[in-house]
């Protein structure tokens, strides 16, 4: 019986276990025995391997897995490094794979993980090893090139849009009796994809967030104050979405400005403040209205209770496609999604075979999709995002909270 | 036709509009014409009055109202003040009520709002005015006495429990490869009810938050460091829930410690930091592990997408009971919930007639429900909380996000 091992790597998402479920489902169908490596390559090097049949022969558990956020197998940020100079590590990995009779290796992850896949595949080819290596993409940041978008991104967008809808409702409650500005900080250090999803919070009447600041556009503190003042002239209750990665014209992260001469006196110590805190302080000082800084933190990547059905289905399908490729003996390739039509929305699962190209490129928002003058995004970007948050996943509640499934203690 | 006016006051909740829906539903059934005051008493004094039939004759809109977080009518924090010295304001309110032919007045709110209800009722009695005044309770903080619990609290608990469940999943992802401590800050300045709901995040296997720090128990920074160290000896990934209101033995809020000599040098400026930030910094400095501060902020009071069905039903029923009392001509009374049985959970809606008693008392967690030695809560408290988060409310999604209903521009 052929054997396949699957691992998860990098930051978790709400649906990365959906891809794991897809790998397991399809690999079993193809006749594989399926193992999981605990904490990715790092755990594999310690031979921390689990038999996934112990968990998922029961179909109910596979459904629970699809609804469990974060990495069921655990993750790592282990950098394998180039083959040259790290031969020992590579050799050890293959020794372990050989010892357990593994034929195929699937890694679910982002840029770095894809690099690992290609390196292992290259090594296998050069040393005539029998194993083949396949990458399945994931990242809430949506910054992988080639693929139209990444599994994990849509659910994070749905969380951001829903949460901002609710923040807008909350922020409006004092109406004209008390002007308020809420600044909501959203993940994405270099690319503004997640922050742009704030535009999806708009309701039928057009009520939505009032401004969106992305890392793709240099950020100016004085302009920000003036733009916020202008918004407050039109309405009393303002909600502003900012990326954690916004930078000034001279390439300083706003979240690090408290360390600079510019702001250190009035803003205190850098390590305690995120950029939402800093911008709220600025508004309070310069405009004098009530502010509230809200940081979505890890909630945006872990809120499986708000997963997008489209996203979860795609994560599952990417996993399935990965197992399919593994079965076919392909190696050094990554599954990706090709949007063949937007209306109706239609995705084709395809195969990319030059993974190194993916590993070190961060896909940013095209500038022509950003409405710089209005600190907002253009309709094209909204049209790109909207299909990704469609549909809801029925949760399995127990005692009032969604149920998850976890690894037993090793 | 008799006329009733209803208002909302104080901080919003996920289900305060459920009570508004209940008032409207029952008042209509009793033959009232129903108006809403915009931004509570403050708006009433400006005659900002809307005809609720314009919105809710359509039953679908009443269902949307029940699913809309924050105060549909807008809120205020207007303190009416004692009658003596504020006769002009009282007289103005009654002039406006008379002008619009209002017979009954219902106010949905917390402690201060109940005070308003009683004062208006007292004034009406002393001046032989025809209007009667009824209070319907709400608060996420659950600090109102008399009532077993408050509408709004259960949904906030469900949000907190679900979110912490997901935070625990996320925090576990690196397993033993990277010790991590997440500190989650939860609302509740004086009472720890909301923070105690973190205990509900425990799953079937017993995996839950590792410590809960409540404002009812004095907080010691050194003990906190030692206790966290002890937890890290047992497992690598720790999640700690803290109330924003935790105070040191000498009665200082931890969130204000950055201003004291004790911490100012190492922690910087007070206004930028919440207590989760401060505690994370402390752990990082004293223990040296990776930390993450998460502040649930207004999300916990606005997350209608995670409303508890039990809570929403109770909010609706409290509103209905309020309209019922108004119809009977009662005045100066508050609806409250009496838990007649916990298993099966059963609530009776009753009437309390000495509202002043409610207005200035904050109900805290009984000390015998707190497990001080283990920084946790006792089973009795969990048994109290659990029924309040049961059941889910089917949202009405459009374009991937839940739909809400809002006041048209006046």
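Here residue B:137 clears all of (1) surrounded by 23 or more Cβ atoms within 10 Å (Cβ to Cβ); (2) more than 21 Å from residue B:301 (Cα to Cα); (3) away from chain A (no Cβ under 11 Å) except the condition numbered (2). Which residues, counting only those in the range B:143-160, are in a loop (DSSP other than H, G, I, E, B) and within 9 Å of residue B:14 (Cβ to Cβ)? B:152 - this is the single residue of the range B:143-160 that is in a loop (DSSP other than H, G, I, E, B) and within 9 Å of residue B:14 (Cβ to Cβ).
Does the range A:165-200 hold any residues that are in a helix (DSSP H, G or I), in contact with a strand residue (DSSP E or B) (Cβ under 7 Å, 6 or more places away or on another chain) and closer than 18 Å to residue A:370 by Cβ, and which are they? If the condition is that a residue be in a helix (DSSP H, G or I), in contact with a strand residue (DSSP E or B) (Cβ under 7 Å, 6 or more places away or on another chain) and closer than 18 Å to residue A:370 by Cβ, then A:194, A:195, A:196, A:198, A:199, A:200 are the ones that fit.
Checking the conditions here, which among A:385, A:381 is closer than 22 Å to residue B:402 by Cα, touching a residue at least 40 places away in the same chain (Cβ under 8 Å), surrounded by 20 or more Cβ atoms within 10 Å (Cβ to Cβ) and away from chain B (no Cβ under 14 Å)?
Only one candidate qualifies: A:381.
Among the helices (runs of 4 or more DSSP H) confined to the range A:23-117, the ones with at least 1 residues that are in contact (Cβ under 8 Å) with a residue 12 or more places away in the chain and surrounded by fewer than 18 Cβ atoms within 10 Å (Cβ to Cβ) are located at A:53-56, A:59-66, A:87-99. Could you check, for the range B:161-171, whether at least one of its residues is farther than 30 Å from residue A:37 by Cβ and crowded, with 24+ Cβ neighbours inside 10 Å? Yes.
Can you tell me which residues in the range A:348-378 are assigned by TED's automatic domain parsing to the domain that holds residue A:122, modelled with pLDDT of 95 or more and exposed (fewer than 13 other Cβ atoms within 10 Å of the Cβ)? The answer is A:348, and nothing else. Among the residues of the range B:363-370, are any under 19 Å from the mean Cα position of the chain (by Cα) and within 14 Å of chain A (Cβ to nearest Cβ)? No, the range B:363-370 contains no residue that is under 19 Å from the mean Cα position of the chain (by Cα) and within 14 Å of chain A (Cβ to nearest Cβ). Does the range A:306-319 contain any residue that is within 14 Å of chain B (Cβ to nearest Cβ), surrounded by fewer than 17 Cβ atoms within 10 Å (Cβ to Cβ) and either modelled with pLDDT under 95 or in contact with a strand residue (DSSP E or B) (Cβ under 7 Å, 6 or more places away or on another chain) (or both)? Scanning the range A:306-319 turns up no residue that is within 14 Å of chain B (Cβ to nearest Cβ), surrounded by fewer than 17 Cβ atoms within 10 Å (Cβ to Cβ) and either modelled with pLDDT under 95 or in contact with a strand residue (DSSP E or B) (Cβ under 7 Å, 6 or more places away or on another chain) (or both). With respect to the conditions (1) within 12 Å of another protein chain (Cβ to nearest Cβ); (2) in contact (Cβ under 8 Å) with a residue 60 or more places away in the chain; (3) under 30 Å from residue A:359 (Cβ atoms), residue A:164 lacks only one, and its number is (3).
If you check residue A:216 against the conditions, is it modelled with pLDDT under 90 and either more than 22 Å from residue A:166 (Cα to Cα) or assigned to a loop (DSSP other than H, G, I, E, B) (or both)? Answer is no for this residue.
Identify, please: which residue in the range B:1-22 is out of contact with any strand residue (DSSP E or B) (no Cβ under 7 Å at 6 or more places or on another chain) and either outside any loop (DSSP other than H, G, I, E, B) or without any contact (Cβ under 8 Å) to a residue 12 or more places away in the chain (or both) and is, among those, farthest from residue B:404 (Cα to Cα)? Restricting to residues being out of contact with any strand residue (DSSP E or B) (no Cβ under 7 Å at 6 or more places or on another chain) and either outside any loop (DSSP other than H, G, I, E, B) or without any contact (Cβ under 8 Å) to a residue 12 or more places away in the chain (or both), the top hit is B:22. If you go through the range A:388-402 and keep only what is touching a residue at least 12 places away in the same chain (Cβ under 8 Å) and at the interface with another protein chain (Cβ under 7 Å from one of its Cβ atoms), you end up with A:389, A:390, A:392, A:402. Across the range B:258-284, which residue is modelled with the lowest pLDDT among those that are farther than 26 Å from residue A:296 by Cβ and within 13 Å of chain A (Cβ to nearest Cβ)? Only one residue tops the list, namely B:265. Looking only at the range A:326-338, residues that are exposed (fewer than 15 other Cβ atoms within 10 Å of the Cβ) and touching a residue at least 24 places away in the same chain (Cβ under 8 Å) come to 2 in all. For the range A:75-109, filtering for residues that are within 14 Å of chain B (Cβ to nearest Cβ) and touching a strand residue (DSSP E or B) at 6+ places or on another chain (Cβ under 7 Å) leaves 3.
The values are calculated or read from the model by the stated rules, or taken from the named source; none is laboratory data. This one's a predicted model, so the numbers in the text were calculated from it and none came from an experiment. Cβ sites come from the backbone with ideal geometry, for glycine too, and all protein chains shown count toward neighbours.
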